[in-house]
Amino acid sequence: MNDVLLLAKTHVVTALRERVTLFWFLIFPVFLLTILTLIFGRLGEEGEISFEISLINRDSSSATAGDFSAMIAEVFTKMGSPHIEGQKPLFSVHVPQADDDLDTFLEREEHALRRGHRAAIVVIPEGFHDAALHAVMNPSGIAQPATLRVYMSRNDVASEMATEIITHVLAEVDREILVRTGHFDPGKAIARETVWAGQDTGEIRYVDFLLPGVVLMGFFTNGLFGVPGAILFNRDRKVLRRYWVTPLSVSRYLAGFALGHLSLCVLQLVLLLLLGRFAFGATVEFAQLDAVLILILAAVTFMAFGFLIASLARTANAGMAIANILNMPMMFLSGMFFPISGLPTFLLAVVYVNPVSYLVEGLRASLGVQSSTFPSILLVIVPLGWIAASVAVAAGKLKWDVAR
(Lines give C-alpha, C1' and ligand atoms only; values in the text may rest on other atoms or scores of the structure.)
Protein backbone atom coordinates (compact mmCIF):
# COMPACT_ATOMS: atom_id res chain seq x y z
CA MET A 1 0.00 0.00 0.00
CA ASN A 2 2.90 2.35 0.73
CA ASP A 3 4.11 2.09 -2.85
CA VAL A 4 0.67 3.11 -4.16
CA LEU A 5 0.54 6.14 -1.84
CA LEU A 6 4.10 7.07 -2.75
CA LEU A 7 3.26 6.93 -6.47
CA ALA A 8 0.18 9.09 -5.88
CA LYS A 9 2.26 11.65 -3.97
CA THR A 10 4.89 11.62 -6.72
CA HIS A 11 2.25 12.25 -9.39
CA VAL A 12 0.75 15.19 -7.50
CA VAL A 13 4.10 16.80 -6.63
CA THR A 14 5.42 16.36 -10.18
CA ALA A 15 2.28 17.93 -11.65
CA LEU A 16 2.47 20.92 -9.33
CA ARG A 17 6.15 21.49 -10.05
CA GLU A 18 5.58 21.70 -13.79
CA ARG A 19 4.78 25.32 -14.69
CA VAL A 20 2.75 24.38 -17.75
CA THR A 21 0.79 21.83 -15.75
CA LEU A 22 0.24 24.28 -12.93
CA PHE A 23 -1.11 26.89 -15.35
CA TRP A 24 -3.56 24.67 -17.27
CA PHE A 25 -4.81 22.61 -14.34
CA LEU A 26 -5.08 25.27 -11.63
CA ILE A 27 -4.43 28.83 -12.81
CA PHE A 28 -6.41 28.67 -16.07
CA PRO A 29 -9.68 27.35 -14.51
CA VAL A 30 -9.43 30.07 -11.86
CA PHE A 31 -8.75 32.70 -14.52
CA LEU A 32 -11.64 31.48 -16.69
CA LEU A 33 -14.13 31.46 -13.81
CA THR A 34 -13.01 34.96 -12.83
CA ILE A 35 -13.10 36.56 -16.28
CA LEU A 36 -16.42 35.01 -17.40
CA THR A 37 -18.12 35.89 -14.12
CA LEU A 38 -16.86 39.47 -14.24
CA ILE A 39 -18.03 39.89 -17.85
CA PHE A 40 -21.34 38.03 -17.78
CA GLY A 41 -22.04 37.51 -14.09
CA ARG A 42 -24.47 40.42 -13.71
CA LEU A 43 -25.97 40.21 -17.18
CA GLY A 44 -29.74 40.23 -16.92
CA GLU A 45 -29.90 41.47 -13.35
CA GLU A 46 -32.07 44.49 -12.67
CA GLY A 47 -30.20 47.72 -13.22
CA GLU A 48 -27.55 46.13 -15.42
CA ILE A 49 -29.28 46.39 -18.83
CA SER A 50 -30.03 49.86 -20.11
CA PHE A 51 -30.99 51.01 -23.62
CA GLU A 52 -30.50 54.47 -25.09
CA ILE A 53 -33.72 55.40 -26.90
CA SER A 54 -35.20 58.61 -28.31
CA LEU A 55 -38.80 59.76 -27.97
CA ILE A 56 -40.42 62.34 -30.27
CA ASN A 57 -44.02 63.41 -29.63
CA ARG A 58 -45.37 65.27 -32.67
CA ASP A 59 -48.95 65.18 -31.38
CA SER A 60 -49.16 68.37 -29.33
CA SER A 61 -52.77 69.24 -30.20
CA SER A 62 -54.10 68.04 -26.87
CA ALA A 63 -52.70 68.60 -23.40
CA THR A 64 -55.51 67.14 -21.30
CA ALA A 65 -55.01 64.48 -18.65
CA GLY A 66 -56.61 61.88 -20.93
CA ASP A 67 -54.36 62.59 -23.89
CA PHE A 68 -53.13 59.21 -25.18
CA SER A 69 -50.03 60.74 -26.73
CA ALA A 70 -49.07 62.28 -23.41
CA MET A 71 -49.79 58.94 -21.70
CA ILE A 72 -47.27 57.12 -23.91
CA ALA A 73 -44.68 59.85 -23.46
CA GLU A 74 -45.18 59.68 -19.68
CA VAL A 75 -44.74 55.90 -19.65
CA PHE A 76 -41.36 56.08 -21.38
CA THR A 77 -40.30 59.04 -19.24
CA LYS A 78 -41.04 57.05 -16.08
CA MET A 79 -39.11 54.07 -17.47
CA GLY A 80 -36.17 56.44 -17.87
CA SER A 81 -36.02 56.87 -14.10
CA PRO A 82 -34.46 54.09 -11.95
CA HIS A 83 -36.77 52.33 -9.51
CA ILE A 84 -33.93 51.96 -7.02
CA GLU A 85 -31.42 54.70 -6.36
CA GLY A 86 -28.01 53.95 -7.83
CA GLN A 87 -29.30 51.53 -10.49
CA LYS A 88 -29.51 52.23 -14.20
CA PRO A 89 -33.02 52.63 -15.63
CA LEU A 90 -34.20 50.23 -18.33
CA PHE A 91 -34.34 53.11 -20.82
CA SER A 92 -32.25 56.24 -21.02
CA VAL A 93 -34.75 58.45 -22.87
CA HIS A 94 -33.61 61.33 -25.09
CA VAL A 95 -36.29 63.91 -25.94
CA PRO A 96 -36.07 67.15 -27.96
CA GLN A 97 -35.70 70.41 -26.12
CA ALA A 98 -38.43 73.03 -26.29
CA ASP A 99 -36.62 75.06 -28.97
CA ASP A 100 -35.49 72.03 -31.06
CA ASP A 101 -36.83 71.51 -34.55
CA LEU A 102 -38.39 68.01 -34.53
CA ASP A 103 -37.23 67.12 -38.05
CA THR A 104 -33.67 68.15 -37.26
CA PHE A 105 -33.79 66.26 -33.96
CA LEU A 106 -35.11 63.11 -35.70
CA GLU A 107 -32.38 63.29 -38.34
CA ARG A 108 -29.73 63.63 -35.65
CA GLU A 109 -31.15 60.69 -33.67
CA GLU A 110 -31.36 58.50 -36.80
CA HIS A 111 -27.66 59.15 -37.35
CA ALA A 112 -26.95 58.14 -33.74
CA LEU A 113 -29.07 55.00 -34.25
CA ARG A 114 -27.08 53.96 -37.31
CA ARG A 115 -23.82 54.46 -35.40
CA GLY A 116 -25.05 52.29 -32.52
CA HIS A 117 -25.46 55.17 -30.03
CA ARG A 118 -29.22 54.60 -29.83
CA ALA A 119 -31.13 51.34 -29.58
CA ALA A 120 -34.45 52.65 -30.93
CA ILE A 121 -36.46 55.77 -31.74
CA VAL A 122 -40.17 56.07 -30.89
CA VAL A 123 -42.14 58.68 -32.85
CA ILE A 124 -45.71 59.61 -31.84
CA PRO A 125 -47.23 61.08 -35.04
CA GLU A 126 -49.45 64.14 -35.22
CA GLY A 127 -53.12 63.32 -34.67
CA PHE A 128 -52.33 60.10 -32.78
CA HIS A 129 -54.67 60.91 -29.87
CA ASP A 130 -57.65 61.59 -32.13
CA ALA A 131 -57.00 58.48 -34.21
CA ALA A 132 -56.68 56.28 -31.11
CA LEU A 133 -59.84 57.72 -29.56
CA HIS A 134 -61.81 57.29 -32.79
CA ALA A 135 -60.67 53.68 -33.16
CA VAL A 136 -61.63 52.86 -29.57
CA MET A 137 -65.02 54.57 -29.68
CA ASN A 138 -65.93 52.95 -33.02
CA PRO A 139 -64.65 49.37 -32.70
CA SER A 140 -67.06 48.02 -35.32
CA GLY A 141 -66.70 50.88 -37.82
CA ILE A 142 -64.10 51.58 -40.45
CA ALA A 143 -61.37 53.72 -38.90
CA GLN A 144 -57.76 54.54 -39.60
CA PRO A 145 -55.72 52.76 -36.92
CA ALA A 146 -53.53 54.83 -34.62
CA THR A 147 -49.95 54.07 -35.58
CA LEU A 148 -46.69 54.67 -33.77
CA ARG A 149 -43.42 54.58 -35.67
CA VAL A 150 -40.49 52.76 -34.09
CA TYR A 151 -37.05 53.02 -35.68
CA MET A 152 -34.59 50.21 -35.06
CA SER A 153 -31.12 49.30 -36.33
CA ARG A 154 -30.73 46.27 -38.58
CA ASN A 155 -28.47 43.45 -37.30
CA ASP A 156 -28.08 45.11 -33.90
CA VAL A 157 -28.92 42.76 -31.01
CA ALA A 158 -29.38 45.61 -28.52
CA SER A 159 -31.75 47.35 -30.93
CA GLU A 160 -33.76 44.16 -31.42
CA MET A 161 -34.01 43.65 -27.66
CA ALA A 162 -35.05 47.26 -27.05
CA THR A 163 -37.67 47.11 -29.83
CA GLU A 164 -39.11 43.90 -28.40
CA ILE A 165 -39.43 45.54 -24.98
CA ILE A 166 -41.02 48.64 -26.52
CA THR A 167 -43.56 46.39 -28.28
CA HIS A 168 -44.58 44.84 -24.95
CA VAL A 169 -44.77 48.29 -23.34
CA LEU A 170 -47.06 49.57 -26.10
CA ALA A 171 -49.26 46.49 -25.72
CA GLU A 172 -49.74 47.37 -22.05
CA VAL A 173 -50.45 51.00 -23.00
CA ASP A 174 -53.06 49.78 -25.48
CA ARG A 175 -54.69 47.78 -22.69
CA GLU A 176 -54.67 50.85 -20.43
CA ILE A 177 -56.36 52.94 -23.13
CA LEU A 178 -59.16 50.37 -23.36
CA VAL A 179 -59.51 50.39 -19.58
CA ARG A 180 -59.74 54.19 -19.39
CA THR A 181 -62.35 54.36 -22.12
CA GLY A 182 -64.43 51.57 -20.58
CA HIS A 183 -63.97 49.16 -23.48
CA PHE A 184 -61.87 46.58 -21.65
CA ASP A 185 -63.52 43.62 -19.96
CA PRO A 186 -61.09 42.09 -17.43
CA GLY A 187 -63.22 38.97 -17.28
CA LYS A 188 -62.53 38.24 -20.94
CA ALA A 189 -58.81 38.93 -20.76
CA ILE A 190 -56.38 36.05 -21.18
CA ALA A 191 -54.80 35.22 -17.83
CA ARG A 192 -51.05 34.70 -17.72
CA GLU A 193 -49.10 32.66 -15.22
CA THR A 194 -45.29 32.38 -15.17
CA VAL A 195 -43.82 29.03 -14.15
CA TRP A 196 -40.11 28.40 -13.73
CA ALA A 197 -39.13 25.11 -15.39
CA GLY A 198 -36.37 22.89 -14.01
CA GLN A 199 -35.88 24.60 -10.68
CA ASP A 200 -37.78 25.74 -7.61
CA THR A 201 -35.83 28.83 -6.60
CA GLY A 202 -36.45 31.19 -9.51
CA GLU A 203 -33.82 32.59 -11.83
CA ILE A 204 -30.34 31.09 -11.59
CA ARG A 205 -27.39 33.46 -11.46
CA TYR A 206 -24.76 33.02 -14.15
CA VAL A 207 -22.00 32.18 -11.65
CA ASP A 208 -24.11 29.26 -10.36
CA PHE A 209 -24.58 28.08 -13.94
CA LEU A 210 -20.90 28.58 -14.80
CA LEU A 211 -19.21 27.09 -11.73
CA PRO A 212 -20.16 23.41 -12.39
CA GLY A 213 -18.96 23.79 -15.99
CA VAL A 214 -15.59 25.24 -14.96
CA VAL A 215 -15.13 22.49 -12.36
CA LEU A 216 -15.69 19.86 -15.04
CA MET A 217 -13.40 21.78 -17.39
CA GLY A 218 -10.64 21.47 -14.79
CA PHE A 219 -11.25 17.73 -14.54
CA PHE A 220 -11.37 17.48 -18.32
CA THR A 221 -8.05 19.22 -18.98
CA ASN A 222 -6.49 17.25 -16.16
CA GLY A 223 -7.50 13.98 -17.81
CA LEU A 224 -6.99 15.02 -21.42
CA PHE A 225 -3.52 16.52 -20.97
CA GLY A 226 -2.22 15.40 -17.59
CA VAL A 227 -2.77 11.66 -17.90
CA PRO A 228 -1.24 11.04 -21.36
CA GLY A 229 1.42 13.66 -20.69
CA ALA A 230 2.61 11.95 -17.52
CA ILE A 231 2.59 8.47 -19.05
CA LEU A 232 4.11 9.33 -22.42
CA PHE A 233 6.84 11.64 -21.11
CA ASN A 234 7.81 9.08 -18.46
CA ARG A 235 7.85 6.38 -21.11
CA ASP A 236 9.94 8.44 -23.55
CA ARG A 237 12.40 9.36 -20.79
CA LYS A 238 12.58 5.66 -19.81
CA VAL A 239 11.29 6.39 -16.31
CA LEU A 240 8.65 3.67 -16.59
CA ARG A 241 11.31 1.14 -17.56
CA ARG A 242 12.89 1.68 -14.15
CA TYR A 243 9.57 0.94 -12.45
CA TRP A 244 9.22 -2.38 -14.23
CA VAL A 245 12.57 -3.70 -12.97
CA THR A 246 11.21 -3.35 -9.41
CA PRO A 247 8.56 -5.58 -7.78
CA LEU A 248 5.97 -2.90 -8.68
CA SER A 249 3.17 -4.34 -10.82
CA VAL A 250 1.26 -2.50 -13.53
CA SER A 251 -1.96 -2.71 -11.52
CA ARG A 252 -0.36 -1.10 -8.47
CA TYR A 253 1.22 1.57 -10.64
CA LEU A 254 -2.19 2.36 -12.13
CA ALA A 255 -3.75 2.46 -8.66
CA GLY A 256 -1.16 4.98 -7.47
CA PHE A 257 -1.48 6.99 -10.68
CA ALA A 258 -5.29 7.07 -10.41
CA LEU A 259 -5.13 8.11 -6.75
CA GLY A 260 -2.77 10.96 -7.63
CA HIS A 261 -5.02 12.03 -10.51
CA LEU A 262 -8.09 12.09 -8.28
CA SER A 263 -6.16 14.08 -5.67
CA LEU A 264 -5.42 16.75 -8.28
CA CYS A 265 -9.12 16.84 -9.19
CA VAL A 266 -10.05 17.34 -5.51
CA LEU A 267 -7.51 20.16 -5.27
CA GLN A 268 -9.02 21.83 -8.34
CA LEU A 269 -12.53 21.40 -6.96
CA VAL A 270 -11.74 22.91 -3.57
CA LEU A 271 -9.92 25.89 -5.09
CA LEU A 272 -12.73 26.68 -7.54
CA LEU A 273 -15.45 26.26 -4.91
CA LEU A 274 -13.70 28.64 -2.53
CA LEU A 275 -13.23 31.19 -5.30
CA GLY A 276 -16.80 30.86 -6.55
CA ARG A 277 -18.37 31.13 -3.09
CA PHE A 278 -16.27 33.82 -1.43
CA ALA A 279 -15.29 35.94 -4.44
CA PHE A 280 -18.46 35.77 -6.56
CA GLY A 281 -21.19 34.64 -4.16
CA ALA A 282 -21.98 31.27 -5.76
CA THR A 283 -24.70 29.41 -3.88
CA VAL A 284 -24.66 25.92 -5.44
CA GLU A 285 -24.01 23.15 -2.94
CA PHE A 286 -21.68 20.40 -4.16
CA ALA A 287 -21.92 18.45 -0.88
CA GLN A 288 -24.72 16.22 -2.22
CA LEU A 289 -24.50 12.51 -2.96
CA ASP A 290 -25.70 12.83 -6.58
CA ALA A 291 -23.25 15.65 -7.30
CA VAL A 292 -20.33 13.78 -5.69
CA LEU A 293 -21.09 10.64 -7.72
CA ILE A 294 -21.23 12.66 -10.95
CA LEU A 295 -17.90 14.32 -10.10
CA ILE A 296 -16.29 10.91 -9.48
CA LEU A 297 -17.75 9.59 -12.73
CA ALA A 298 -16.42 12.64 -14.57
CA ALA A 299 -12.92 12.28 -13.12
CA VAL A 300 -12.80 8.58 -14.08
CA THR A 301 -14.22 9.26 -17.57
CA PHE A 302 -11.62 11.90 -18.35
CA MET A 303 -8.83 9.77 -16.91
CA ALA A 304 -9.93 6.92 -19.21
CA PHE A 305 -9.82 9.38 -22.11
CA GLY A 306 -6.27 10.21 -21.12
CA PHE A 307 -5.28 6.53 -21.25
CA LEU A 308 -6.98 6.25 -24.65
CA ILE A 309 -4.89 9.13 -26.00
CA ALA A 310 -1.74 7.62 -24.51
CA SER A 311 -2.48 4.33 -26.27
CA LEU A 312 -3.00 6.03 -29.66
CA ALA A 313 0.09 8.26 -29.58
CA ARG A 314 3.60 7.00 -30.32
CA THR A 315 5.30 9.95 -28.64
CA ALA A 316 4.53 12.53 -25.96
CA ASN A 317 4.29 15.33 -28.53
CA ALA A 318 1.86 13.29 -30.60
CA GLY A 319 -0.24 12.74 -27.48
CA MET A 320 -0.42 16.48 -26.80
CA ALA A 321 -1.40 17.07 -30.43
CA ILE A 322 -4.28 14.58 -30.18
CA ALA A 323 -5.39 16.15 -26.88
CA ASN A 324 -5.41 19.62 -28.44
CA ILE A 325 -7.49 18.40 -31.38
CA LEU A 326 -10.13 16.94 -29.04
CA ASN A 327 -10.00 19.69 -26.43
CA MET A 328 -11.92 22.61 -27.97
CA PRO A 329 -14.72 20.68 -29.74
CA MET A 330 -15.47 18.54 -26.69
CA MET A 331 -15.41 21.52 -24.30
CA PHE A 332 -17.40 24.08 -26.24
CA LEU A 333 -19.90 21.58 -27.70
CA SER A 334 -20.92 20.38 -24.27
CA GLY A 335 -22.60 23.40 -22.66
CA MET A 336 -19.84 23.90 -20.10
CA PHE A 337 -19.91 27.69 -20.34
CA PHE A 338 -23.01 28.61 -22.36
CA PRO A 339 -26.31 26.93 -23.27
CA ILE A 340 -26.05 24.96 -26.52
CA SER A 341 -29.70 24.94 -27.57
CA GLY A 342 -30.35 25.97 -31.16
CA LEU A 343 -27.14 24.53 -32.62
CA PRO A 344 -27.17 23.28 -36.23
CA THR A 345 -27.95 19.59 -36.69
CA PHE A 346 -24.40 18.58 -37.63
CA LEU A 347 -23.09 20.15 -34.41
CA LEU A 348 -25.84 18.58 -32.32
CA ALA A 349 -24.59 15.20 -33.55
CA VAL A 350 -21.27 15.96 -31.81
CA VAL A 351 -23.13 17.06 -28.68
CA TYR A 352 -25.03 13.77 -28.49
CA VAL A 353 -21.92 11.56 -28.68
CA ASN A 354 -19.84 13.80 -26.44
CA PRO A 355 -19.69 12.35 -22.89
CA VAL A 356 -18.88 15.80 -21.51
CA SER A 357 -22.39 16.96 -22.50
CA TYR A 358 -23.99 14.30 -20.30
CA LEU A 359 -21.67 14.94 -17.37
CA VAL A 360 -22.29 18.70 -17.51
CA GLU A 361 -26.06 18.26 -17.60
CA GLY A 362 -25.93 15.56 -14.93
CA LEU A 363 -23.93 17.76 -12.56
CA ARG A 364 -26.13 20.81 -13.08
CA ALA A 365 -29.28 18.72 -12.66
CA SER A 366 -27.96 17.23 -9.41
CA LEU A 367 -27.20 20.75 -8.15
CA GLY A 368 -30.64 22.07 -9.13
CA VAL A 369 -29.19 24.58 -11.57
CA GLN A 370 -31.14 23.31 -14.57
CA SER A 371 -33.11 20.28 -15.63
CA SER A 372 -31.49 17.81 -17.99
CA THR A 373 -32.63 17.53 -21.60
CA PHE A 374 -31.28 13.96 -21.73
CA PRO A 375 -32.97 10.94 -20.11
CA SER A 376 -31.54 10.35 -16.64
CA ILE A 377 -30.24 6.90 -17.53
CA LEU A 378 -28.13 8.32 -20.40
CA LEU A 379 -26.35 10.70 -18.00
CA VAL A 380 -24.63 7.63 -16.56
CA ILE A 381 -24.66 5.08 -19.38
CA VAL A 382 -22.94 7.26 -22.01
CA PRO A 383 -19.92 8.17 -19.80
CA LEU A 384 -19.68 4.53 -18.63
CA GLY A 385 -19.73 3.42 -22.26
CA TRP A 386 -16.85 5.76 -23.07
CA ILE A 387 -14.93 4.50 -20.02
CA ALA A 388 -15.38 0.89 -21.15
CA ALA A 389 -14.38 1.65 -24.74
CA SER A 390 -11.35 3.72 -23.71
CA VAL A 391 -10.11 1.11 -21.25
CA ALA A 392 -10.58 -1.68 -23.80
CA VAL A 393 -8.54 0.14 -26.43
CA ALA A 394 -5.88 1.22 -23.95
CA ALA A 395 -5.52 -2.29 -22.55
CA GLY A 396 -4.75 -3.64 -26.01
CA LYS A 397 -2.65 -0.84 -27.48
CA LEU A 398 -0.90 1.04 -24.67
CA LYS A 399 2.87 0.54 -24.72
CA TRP A 400 4.53 0.86 -21.37
CA ASP A 401 8.09 0.90 -22.67
CA VAL A 402 10.01 2.71 -25.40
CA ALA A 403 10.72 -0.59 -27.11
CA ARG A 404 8.31 -1.07 -30.04
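Numbers below:
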item: Selected residue (only one of Glu285, Glu193, Glu203 is modelled with pLDDT under 85 and either assigned to a helix (DSSP H, G or I) or within 23 Å of Leu33 (Cβ to Cβ) (or both)); result: Glu203
item: Residues satisfying the stated conditions in the range 88-141, i.e. in a loop (DSSP other than H, G, I, E, B) and among the hydrophobic types (A, V, I, L, M, F, W, C); result: Leu90, Val95, Ala98, Ala119
item: Candidate set from the range 208-222 (those that are modelled with pLDDT under 90 and closer than 18 Å to Leu308 by Cβ); member that is surrounded by the most Cβ atoms within 10 Å (Cβ to Cβ); result: Asn222
item: Leu347 being assigned by TED's automatic domain parsing to the domain that holds Thr373, surrounded by fewer than 21 Cβ atoms within 10 Å (Cβ to Cβ) and within 19 Å of the chain's Cα centre (by Cα); result: yes
item: Candidates Val350, Val356 - the one that is more than 15 Å from Val214 (Cα to Cα) and not charged (D, E, K, R); result: Val350
item: Filter pass, Thr163 being modelled with pLDDT of 85 or more and in the same structural domain as Met71 (by TED's automatic domain parsing); result: yes
item: Residue, surrounded by the fewest Cβ atoms within 10 Å (Cβ to Cβ), within the range 350-373, restricted to residues that are assigned to a helix (DSSP H, G or I) and either of a type in the set (D, E, K, R) or over 17 Å from the mean Cα position of the chain (by Cα) (or both); result: Val353
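One line per residue, one yes/no per condition, for (1) modelled with pLDDT of 70 or more; (2) within 26 Å of Val207 (Cα to Cα); (3) touching a His at 6+ places or on another chain (Cβ under 7 Å); (4) among the aliphatic types (A, V, I, L, M):
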{"position": "Ala15", "(1), (2), (3), (4)": "yes, no, no, yes"}
{"position": "Arg19", "(1), (2), (3), (4)": "yes, no, no, no"}
{"position": "Ile35", "(1), (2), (3), (4)": "yes, yes, no, yes"}
{"position": "Leu38", "(1), (2), (3), (4)": "yes, yes, no, yes"}
{"position": "Gly41", "(1), (2), (3), (4)": "no, yes, no, no"}
{"position": "Gly47", "(1), (2), (3), (4)": "no, yes, no, no"}
{"position": "Ala73", "(1), (2), (3), (4)": "yes, no, no, yes"}
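Yes or no, residue by residue, for (1) assigned by TED's automatic domain parsing to the domain that holds Ala299; (2) closer than 23 Å to Ala323 by Cα; (3) among the aliphatic types (A, V, I, L, M); (4) at pLDDT 85 or above:
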site	(1), (2), (3), (4)
Phe225	yes, yes, no, yes
Ile231	yes, yes, yes, yes
Arg241	yes, no, no, no
Val245	yes, no, yes, no
Ser251	yes, no, no, no
Phe257	yes, yes, no, yes
Ser263	yes, yes, no, yes
Gln268	yes, yes, no, yes
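The values are calculated or read from the model by the stated rules, or taken from the named source; none is laboratory data. Since we're looking at a predicted model, the values are computed, not measured. Positions of Cβ are backbone-derived with ideal geometry, glycine not excepted, and every protein chain shown enters the neighbour counts.
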